[in-house]
Amino acid sequence: MKVAVYGSLGMAQHTLEAAVVRGVEVAAVVDADPTRHGQTICGHMVEPVSRLREVGFDRIVIATFDWQAARDAIMDAGYTQDDLYDDVFWEPFFIQIEPTTMCTYTCPSCSRDTLPAGRRNRNMPFDDFQRLIARFPTVKRLQLQGLGEPTLNPALIEMLRFSKDRGINTSITTNAFALRRDIERGLLQHLDKLIISIDTQGQRDIRRRYLTEILPALNAQTPRRPRVVFNFVVGYDNVDELASIYEFVTKASPDQLHVQLVENWYVAKQVRPAAEKKQDGFDSMSTFVAKSRGVEAEIIAQVRAYSAKLAKVGIAVTYGGSQRRRGACWWPFFGCFVSCDGLVTPCCIRMHPEVFSMGNALEEDLGDIWYGSVYAEFRRSMFSTHASALCGTCPQ
């Protein structure tokens, strides 16, 4: 097989390294970004997308996080979805593992309350985690996050240490419940990115503790401080809080503030067992997301204004919007989500194995699942014209 590769950063390098191992011939490496042209990656010069017309290949591999921009550039060059490679010959570039389903908060947009009783309040043992990570020696990034608070797993630091020793870029998303304790235990030595949710049920307490407890602990660890990112999920009900978030971020001085428009973490047919009336969580969240999309223009305007102000003090601001992702999603090809009990699901949003699972990585070989027929069929469905009950409405 001969492929052309679109992309010129880490994901493309990951793909090109796998091509050497698997004996896949690479005809060209292209990118629409002119600043990348002429640079070399894995022995290949990065060229404009127009170069595709001058070389022969079987399929085009999109190897970038920005799938939508890549697809647009490829289609503009005269190619179709049929020209895109719809499988994998590489290991996951990114793996997200859920260390626990225990949590200290009950946030309204979280689908944790849909978990069956047998899957609630569970921790992934370190031995299971170790087996999962060891299966993919070339994985580049690890995110410890799921339907629970990572710092509640006693093995968290051991998991991060094991991963860093293997050269993996590590990150966690936390509500900061036990963050000061774990920092004092050496968490930061094994962490590349620390993402703190500042929109949770206990957000005001989190912000207070960050300034009085966590920030001093971070500053005391100056030789090994990870990139600190604040994550704020915004919807129509809390858009007015962006002003107070700006004030807090100015005082807290993280490296980055990411504002994310609310998404639907539920899957159709799921029911909230704790509700007075067994209302379909998917439908109610869809309504909530739709209302939030109605004020997205206002949200974007505020984010842009605060971004300009925060840039002056060295704080980056990013925004995640509500664009549809089916057919332009990198997860099926470069990412893998594993729940705390080993179940492999498509991504961190559609991550309810009761609805859809590729298999159990603690009962089967994770590599067999990744390269298996169920995953392959799922990847092909990303390019299908037929409606997808699982991903067709993502992220709403």
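The values are calculated or read from the model by the stated rules, or taken from the named source; none is laboratory data. Since the model is a prediction, treat every value here as computed from it, not as a measurement. Ideal geometry is used to build each Cβ from the backbone, glycine not excepted, and the neighbour counts take in all protein chains shown. To get the accessible areas, we keep the full protein, side chains included, count just its heavy atoms, and leave off ligands, DNA and RNA. Shrake-Rupley method; radii C 1.70, N 1.55, O 1.52, S 1.80 Å.
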- Query: Could you give the longest part of the chain that holds none of the trypsin sites (Lys or Arg not before Pro) found in DSSP loops with at most 15 neighbouring Cβ atoms within 10 Å?
  - Reply: 1-119
- Theoretical gain in end-to-end length, Arg166 to Val374 [0.36 nm per residue, Cα-Cα removed]: 72.0 nm
- Violations at 22 Å Cα threshold for listed pairs Lys2/Lys140; Lys164/Lys193; Lys164/Lys251; Lys140/Lys164; Lys193/Lys291; Lys140/Lys312 -> Lys2/Lys140; Lys164/Lys251; Lys193/Lys291; Lys140/Lys312
- Task: Go ahead and estimate [θ] at 222 nm for the chain from helices alone: -39,500 (n - 2.57) per DSSP H run with n ≥ 4, summed, over the residue count, rounded to 500.
- Result: -8500 deg cm²/dmol
- Can you pull the three principal axis extents for the Cα set of the chain, in Å, largest first? 59, 49, 45
- Query: Contour minus end-to-end for Phe126 and Arg304, with contour as 0.36 nm per residue of separation and end-to-end as the Cα-Cα distance?
  - Reply: 59.9 nm
- Task: Measure nothing but the geometry: give the 0 to 90° angle between the long axis through the Cα atoms of 10-22 and the longest principal axis through the Cα atoms of the chain, rounded to 10°.
- Result: 50
- For the chain, averaging the sequence separation of alpha carbon pairs under 8 Å that lie six or more residues apart and dividing by its residue count, the contact order in percent is 15
- Note on the structure: Taking Cα atoms, the helix 156-165 axis meets the longest principal axis of the chain at an angle in degrees (rounded to 10) of 30
- Calculate the spin-label point distance for Val20 paired with Thr287, positioning each point 7 Å from the Cα along the beta-carbon direction, and give it in nanometres. 5.6
- Task: Please report, as a whole percent, how much of the solvent-accessible surface of the chain comes from carbon and sulfur atoms (probe radius 1.4 Å).
- Result: 49
- Item | Largest-first ellipsoid semi-axes for the range 43-184, taking √(5λ) over the Cα gyration tensor eigenvalues, angstrom | 39, 19, 14
- Task: Starting from the Cα-Cα distance between Met45 and Gln189, subtract it from 0.36 nm times their residue separation and give me the gain in nm to one decimal.
- Result: 48.3 nm
